[in-house]
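Worksheet: the structure to be examined is printed underneath.
The values are calculated or read from the model by the stated rules, or taken from the named source; none is laboratory data. Bear in mind the structure is a predicted one, so any value in this text is a computation, not a measurement. Cβ coordinates were reconstructed from backbone atoms using ideal geometry, including for glycine residues, and neighbour counts include every protein chain displayed. Quick note on the areas: whole protein, heavy atoms, side chains included, nothing else; ligands and nucleic acids left out. Shrake-Rupley method; radii C 1.70, N 1.55, O 1.52, S 1.80 Å.
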Amino acid sequence: VKWDNSVNAVGTSSVEDALMRARRSNDSVLAMSDPPPYFGPSGQVLASGWVDGVVRIYDLRCTRRLSPSEVTGVRGSSTTVPTLAPVMSMYDRRARGIGTITSGGGAGCYIAATSLTESRISFWDVRAPRGVWSVRSPVMNDPSPVYTLAMESSRLFGATQRRPFVYDFGPGLTTDTY
């Protein structure tokens, strides 16, 4: 996905503006990803993971806005702009903030995200975003969080402080596959 990063009058890009306006509270976005292919190749949709543990999908073309927010640009000038509303939100009550996020999967409609403080990985199907499935990293006796994720077809790759791992959801797997 190629996002429009052209600089506007206050010295920030449209993607930066969208993220700054995305929430009225003091929550911070910690992770961003392309959306699942299910959303199509628009270049105007992004997935984000937040400190509050919510994964939000934003469509920059969406006309739905929340109350206005003041944005201060890099050059010190400020302007009041409408706050972008997410088109979809997903939450795992067991996750403690979102550390990293990836999307894709076999059907092209999955999002995986890591918890900031533990080795939990949460999965959502954007066709049914209220359901969540979560697992711990397969690295035994490793209390560190999962630091990175990448989805490719039926596989999810990740890494903790101690080693990398793979979850493979494909057919015909045996213990000798990897």
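3J(HN,Hα) along the range 94-110, derived from phi through the Karplus expression 6.51 cos²θ - 1.76 cosθ + 1.60 where θ = phi - 60°, amounts to 8, 6, 10, x, 10, x, 8, 9, 8, 9, x, x, x, 8, x, 9, 10 Hz, with x in place of Gly and Pro.
How would Trp133, Trp50 line up by accessible area, probe 1.4 Å, largest first?
Ranked list, largest accessible area first: Trp133, Trp50.
The protection proxy used here, the mean number of other Cβ atoms lying within 10 Å of each residue, ranks peptides 151-158, 51-58 as follows, highest first: 51-58, 151-158.
Could the peptides 165-172, 139-146 be put in order, highest first, of the mean number of other beta-carbon atoms found within 10 Å of their residues? Each step should come with its number before you reach the end.
On the way: 165-172: 12.1, 139-146: 14.6.
Most protected by this proxy first, the peptides run 139-146, 165-172.
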